[in-house]
Amino acid sequence: MNFDSIKESIPHASPIQSQELSLDGEFQFDCYPGIACFNQCCKKSDIQLLPYDILKLKRRKGMTSSEFVSRYTLPFEMDHHGMPGLKLGNKQDSSECVFLTEEGCSVYQDRPTACRYYALGNMGVHKEGSSNVENVYFAVKEAHCLGHKEPKKQTVREYCKAQGIEAYDVMNDEWRDIVIKKRSSGPTVGAPSERSLQLFDMCSYDMDSFKGFIQTPGFRDVFDLGDDEIDKLCEDEDRRLHFSLRFLKQVLFGENTIPIKEGARERRAADRKNVWKDRREKEVSQHREDLESQKYEGSQQFEGIGHKSGKED
């Protein structure tokens with residue numbers, strides 16, 4: 001993707017400055033509790049949550065992933081194929097962020113990636129002549145925000161460090177690359193099955209379910225991981241998230257970074273064949289039973305009609 005084409009497509013009234021910023025590019029902005037517009041950006045909240053955001057926030061709330069997602073997020077489709085995404089919820093009958101209080105953000109230390117970046121934007125793009133995904137930064141100037149009028153100047157790098165963004169980018173960039181590759185790949189990858197969407201959802205947002213998944217006999221029979229490595233993954237959620245994205249790449253794109261046990265693919269194919277054979281035999285047997293049942297009910301109804309007719313005669 002050429003960034004110039006992005007700039008040309010930005011509407012005149014867009015809050016996004018069309019000037020691309022590098023990590024060492026300088027911009028003018030500051031935000032602090034005493035500024036007149038404090039909390040205004042949180043009163044019209046539209047925040048997409050990334051995988052590491054879910055981990056940090058659910059741990060802060062002392063919840064499982066599914067509990068947090070159910071209570072504090074809203075699902076949405078990231079593309080026309082139904083790739084599952086999550087947005088931070090709002091207060092009831094309001095556009096305010098669910099975590100906004102009169103004092104400010106109630107989860108500030110664990111605030112999402114998008115909140116940390118504001119008032120910067122960040123986009124992963126394929127630039128012309130490069131096969132890698134690169135970060136593009138740009139300023140976001142909204143009418144309510146007075147931070148851009150503050151005299152403080154800083155580079156993008158300095159701002160990211162001050163906002164604690166680096167750790168979030170390390171955790172989220174690999175996931176972002178999966179999303180971009182999935183969108184830009186051919187029809188087989190671009191039109192995923194229901195099972196692959198469910199897998200994407202678990203590997204992205206539900207490390208509790210993924211923990212159970214890697215402990216199943218089915219997973220252990222296929223992937224050549226020792227008990228020590230499985231234990232480490234179960235104990236460390238950050239490590240587990242990294243691993244889940246490797247697993248997702250292996251399943252979706254064939255990037256084989258997780259070793260497979262010898263003969264595992266053949267055994268799995270045979271098991272699937274047997275499962276389908278058993279299922280088919282059960283379906284055929286059930287179909288026969290249904291036909292026999294229908295014949296019996298039909299004969300009973302026929303005998304009843306004949307008997308009734310005889311009495312009337």
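Condition test on PRO84, is it within 20 Å of SER244 (Cβ to Cβ) and surrounded by 21 or more Cβ atoms within 10 Å (Cβ to Cβ)? Answer is no for this residue.
Going through (1) closer than 24 Å to ARG240 by Cα; (2) without any contact (Cβ under 8 Å) to a residue 60 or more places away in the chain; (3) assigned to a helix (DSSP H, G or I); (4) not polar (S, T, N, Q) one by one, LYS161 falls short only on (1). Taken over segment 160-187, the criterion of being of a type outside the set (A, V, I, L, M, F, W, C), touching a helix residue (DSSP H, G or I) at 6+ places or on another chain (Cβ under 8 Å) and over 28 Å from LEU252 (Cα atoms) is satisfied by GLN163, GLY164. Checked against the criterion of being modelled with pLDDT of 90 or more and either surrounded by 17 or more Cβ atoms within 10 Å (Cβ to Cβ) or touching a helix residue (DSSP H, G or I) at 6+ places or on another chain (Cβ under 8 Å) (or both), the candidates GLN198, GLN154 yield just one match: GLN154. Summed over segment 19-39, the residues that are more than 26 Å from CYS105 (Cβ to Cβ), within 28 Å of the chain's Cα centre (by Cα) and either surrounded by 13 or more Cβ atoms within 10 Å (Cβ to Cβ) or modelled with pLDDT of 95 or more (or both) give a count of 1. Of the helices (runs of 4 or more DSSP H) lying entirely inside segment 203-272, those containing at least 2 residues that are closer than 30 Å to ARG59 by Cα, out of contact with any Phe, Trp or Tyr (no Cβ under 8 Å at 6 or more places or on another chain) and modelled with pLDDT of 95 or more span 207-214, 227-235, 237-253. Output the residues belonging to segment 215-255 that are under 16 Å from ASP201 (Cβ atoms) and crowded, with 16+ Cβ neighbours inside 10 Å. The answer is ARG240, LEU241, SER244, LEU245, PHE247, LEU248, LYS249, LEU252.
The values are calculated or read from the model by the stated rules, or taken from the named source; none is laboratory data. Everything quoted here is computed from the prediction, not taken from an experiment. FYI the Cβ positions are ideal-geometry reconstructions off the backbone, even for glycines, and counts take in every protein chain you see.
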